[in-house]
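The next block holds one structure in the form of structure tokens; read it before the comments.
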Amino acid sequence: MKNVKRMFINGQWLLSSSEKTKDIINPATGEIVAVVTEGQDNDVILAVESAKIAFKDDSVWRSMSAEERGALLYKIADLIEKRIDEIARTECINTGKLFRETRYDDVYAAIGAFRFYGGIAASLQGHTSNNSNNLLSMTIREPIGICSIIVPWNYPLGTASASIAPALAAGNTIIVKPSSLTPLTTIMLFEIFEEAGLPAGAANLVLGSGSNIGKELITNKNVNKIVFTGSTKTGMDIIQDSSSSLKKLALELGGKSPVIVFDDVDIDLVVDNVMFGIFLSQGQVCVAGSRLLVQEGIYDKLVETLVKRVGSIKIGMPFDENAEFGPLISKEHMACVLNYIVVGIREGAKLAVGGKRIVDGDFEKGCFVEPTVFIDCKSNMRIVKEEIFGPVLTVQSFSTEQEAIDIANDTIYGLAGAVFTKDIGKALRVCKFVKSGLLWVNTYLEAGSSLPVSPYKQSGIGVMGGIQGLEEFTILKQINMSLNPKKTNWFQNDDKRKEGGL
Ligand code: NAD
């Protein structure tokens, strides 16, 4: 068990009492890159107990001021930055994402989250009200308590950090469960927490599959909030499982985001952005622009350009500097994506490019599927309706602005979307009427805003990001102080009440 990676509970690196382990596989090569301990319910109970003790009013963690917590988050960001290459390499080996993506996107997203929430940790405020001469009222914000943070495999360090940073900034204690497929950079993050001097128990790490330890994280009576990022199906299970103890929920779920292209655009520029929106990370991005809606006048020309460009994407090993596209996360997920491609063909969509697993030479042991485009799709097809979470783009045509909005909204999801047009009025109208929480105009996936976002429909519940994302990790408590303490005279005889009771 010497090289087995461990959980971090109450400031200690621990093996699970299950004595089971799980191999972590590089999806590009099929090689085992690490072995991790496999947790069970007892480990979660231990982690919750540790978080509970660390949340006591007189604990080291609770005694820290917001400024001190902010400074600690800044230190964590600096330590991540110091290990940036090592962390990016590990993320690359574990997820199969291209190294240049993990190096310049994923790890910086984590650094950015800790710096942003470190910077605003001390900015949480309540309000006062003096509406009455007799009463001074105020609200104060307090941490919610113990938070279970459950993370998916597609953006492990970035997603974990996006929830951990505000949770800690607000003064909560946490138990983090990464996906059992991709725990490696989260383990590194906890090494950094230890090095930064985060008080024992403030942040705990448990390792294991959702089916093994998920339920305890959701139902444990001492857990106050669940922060879940993952599929809509699991999100629905979590709502049910957590209902008996009515926990606070933040759910960031799936998407099937529309990209609407009007006929006044520069086709090359749009195609470039559309490809970035769907094929970055091999389509394994929650906000991937997976439904392309093109106005009739440019449909044929745009499809021709798109198909040509997609056909020449350079598929390669994640560390190859020339590679533009890598493997999917696992054999199971690859089988699921390939099955959707078969479904699309059966449904009558026209496969314009891609569609096959790549098995030549080095690719044979990995999980590589060609970037795929289906054209002439209809809204009732499964490949248009369901989240594939892979490199599959569906293309539909529309004639009017209203038709584009109607098709865009014909989905159970409401995560993201985009509009491409030179007409600013049209762009803003589409943004107003498309029911998605995050919209881009003439760009896709461009990040840099520190504003919050909330999903529509079955894409989730709650607010992520920004100062509002920090407030989501607090309870708003109202306190009312009498400026003129007096008897209520409620329980008096009628005469006395007439004299000045309520
Ligand atoms: P998933 O729902 O299968 O798993 C997510 C996490 O939940 C994993 O850690 C898993 O072990 C755990 N889990 C599974 N079943 C559980 C249960 N019953 N109780 C508690 N935990 C459980 O999702 P995935 O396949 O890892 O990730 C892909 C999905 O995540 C896609 O649908 C994608 O759109 C979504 N996602 C959403 C966002 C967002 O911000 N909206 C971001 C990234 C990914």
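Summary table
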| read-out | value |
| --- | --- |
| Residue check for I164: more than 10 Å from the ligand (Cβ to nearest atom), of a type outside the set (D, E) and buried (at least 24 other Cβ atoms within 10 Å of the Cβ) | yes |
| Tally, over region 380-410, of residues that are touching a Phe, Trp or Tyr at 6+ places or on another chain (Cβ under 9 Å), assigned to a loop (DSSP other than H, G, I, E, B) and surrounded by fewer than 21 Cβ atoms within 10 Å (Cβ to Cβ) | 2 |
| Failed item in (1) modelled with pLDDT under 95; (2) not assigned by TED's automatic domain parsing to the domain that holds A167, with S244 passing the rest | (2) |
| Condition check for K356: of a type in the set (D, E, K, R), touching a strand residue (DSSP E or B) at 6+ places or on another chain (Cβ under 9 Å), touching a residue at least 24 places away in the same chain (Cβ under 8 Å) and more than 20 Å from D264 (Cα to Cα) | no |
| Single residue of E191, E216 found to be of a type in the set (D, E, K, R), at pLDDT 95 or above and surrounded by 21 or more Cβ atoms within 10 Å (Cβ to Cβ) | E216 |
| Hits in region 137-161 (condition: within 16 Å of the ligand (Cβ to nearest atom), among the β-branched types (V, I, T) and part of a strand (DSSP E or B)) | I146, I149, I150 |
| Cβ pairs under 8 Å, 6+ apart, first in region 67-86 and closer than 20 Å to I120 by Cβ, second hydrophobic (A, V, I, L, M, F, W, C) and outside any helix (DSSP H, G or I) | L72/M64; L72/L198; I76/L198 |
| Residue list for region 147-161, filter: touching a helix residue (DSSP H, G or I) at 6+ places or on another chain (Cβ under 6 Å) and surrounded by 24 or more Cβ atoms within 10 Å (Cβ to Cβ) | C147, S148, I149, V151, P156, L157, A160, S161 |
| Residue within region 357-367 that is of a type outside the set (D, E, K, R), modelled with pLDDT under 95 and assigned by TED's automatic domain parsing to the domain that holds R291 present | yes |
| Total residues in region 167-183, condition touching a strand residue (DSSP E or B) at 6+ places or on another chain (Cβ under 7 Å) and away from the ligand (no atom under 14 Å from the Cβ) | 7 |
| Qualifying residue in region 338-352 (condition: within 18 Å of L280 (Cα to Cα), surrounded by 15 or more Cβ atoms within 10 Å (Cβ to Cβ) and touching a Leu at 6+ places or on another chain (Cβ under 8 Å)) | no |
| V48 under 26 Å from L217 (Cα atoms), among the aliphatic types (A, V, I, L, M) and surrounded by fewer than 22 Cβ atoms within 10 Å (Cβ to Cβ) | no |
| Test: V227 is within 14 Å of the ligand (Cβ to nearest atom), in contact with a strand residue (DSSP E or B) (Cβ under 9 Å, 6 or more places away or on another chain) and outside any helix (DSSP H, G or I) | yes |
| Test: residue in region 184-204 that is hydroxyl-bearing (S, T, Y) and touching a Pro at 6+ places or on another chain (Cβ under 6 Å) | yes |
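The values are calculated or read from the model by the stated rules, or taken from the named source; none is laboratory data. Remember, predicted model here, so these are calculated numbers, not experimental data. Using ideal geometry, Cβ is built from the backbone for each residue, glycine included, and neighbour counts are taken over all protein chains shown.
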